[in-house]
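This report refers to the structure that appears directly beneath it.
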Amino acid sequence: MELEFILRIFIAALLGGAIGLEREYRDKAAGFRTHFLVALGSALFMIVSAYGFEGALTTDAHRWDVSRVASQVVSGIGFIGAGTIIFQKNAVRGLTTAAGVWVTAAIGLACGGGMYILAATATALVLLGLEAFNLFLHKIDKHRKPNDA
């Protein structure tokens, strides 16, 4: 079982790192290391949530909700993401970074739950969405510099 858990956090780290590389390439504040750590940590929290309390779950007198730890990842990452959003010069900045960190946490949770295909598909969609939107903007706005995205 330990090797399966290691595989889960390893895949989470790779998928989160892939998103982080894209953000790093765009010179955003939350890059490779941030996304790598968020995905890995989320996967680890999911594993601990689901399997870390097995001894406590064997009693008939108690009913434990193993999703409670994982659910706190969502609110905790929301708090971190909110810190990346800045209102500056009448413009909001950092929304894509906050959303990226949030979805990276979800990908990590999926990996922690052993849902590799779902996590890989979500990663591909995130990368497609970030790149496709950027290409679309450059097609419709010829005056925009490449580093403005």
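The values are calculated or read from the model by the stated rules, or taken from the named source; none is laboratory data. All figures in this text were calculated on a predicted structure; none of them were measured in a lab. Cβ sites come from the backbone with ideal geometry, for glycine too, and all protein chains shown count toward neighbours. Just the protein is used for accessible areas: all its heavy atoms, side chains included, with ligands, DNA and RNA removed. Shrake-Rupley method; radii C 1.70, N 1.55, O 1.52, S 1.80 Å.
Any residue that is touching a Phe, Trp or Tyr at 6+ places or on another chain (Cβ under 6 Å), modelled with pLDDT under 95, farther than 21 Å from Glu2 by Cβ and of a type in the set (Asp, Glu) - is there at least one of those in region 57-71? No, the conditions are met nowhere in region 57-71. Can you find even one residue in region 88-100 that is at pLDDT 85 or above, closer than 26 Å to Ala50 by Cα and within 13 Å of the chain's Cα centre (by Cα)? Yes, there is a match, as at least one residue in region 88-100 is at pLDDT 85 or above, closer than 26 Å to Ala50 by Cα and within 13 Å of the chain's Cα centre (by Cα).
When residues in region 123-137 are screened for being more than 12 Å from Gly100 (Cβ to Cβ) and open to solvent by less than 70 Å² (accessible area, probe 1.4 Å), 5 of them pass. Among the residues of region 36-51, is any modelled with pLDDT of 90 or more and more than 12 Å from Leu109 (Cα to Cα)? Looking for residues that are modelled with pLDDT of 90 or more and more than 12 Å from Leu109 (Cα to Cα), one finds at least one in region 36-51, hence yes.
Hey, could you check region 1-21 for residues that are more than 18 Å from Thr123 (Cα to Cα) and in contact (Cβ under 8 Å) with a residue 12 or more places away in the chain and say which is least open to solvent (accessible area, probe 1.4 Å)? The selected residue is Phe5.
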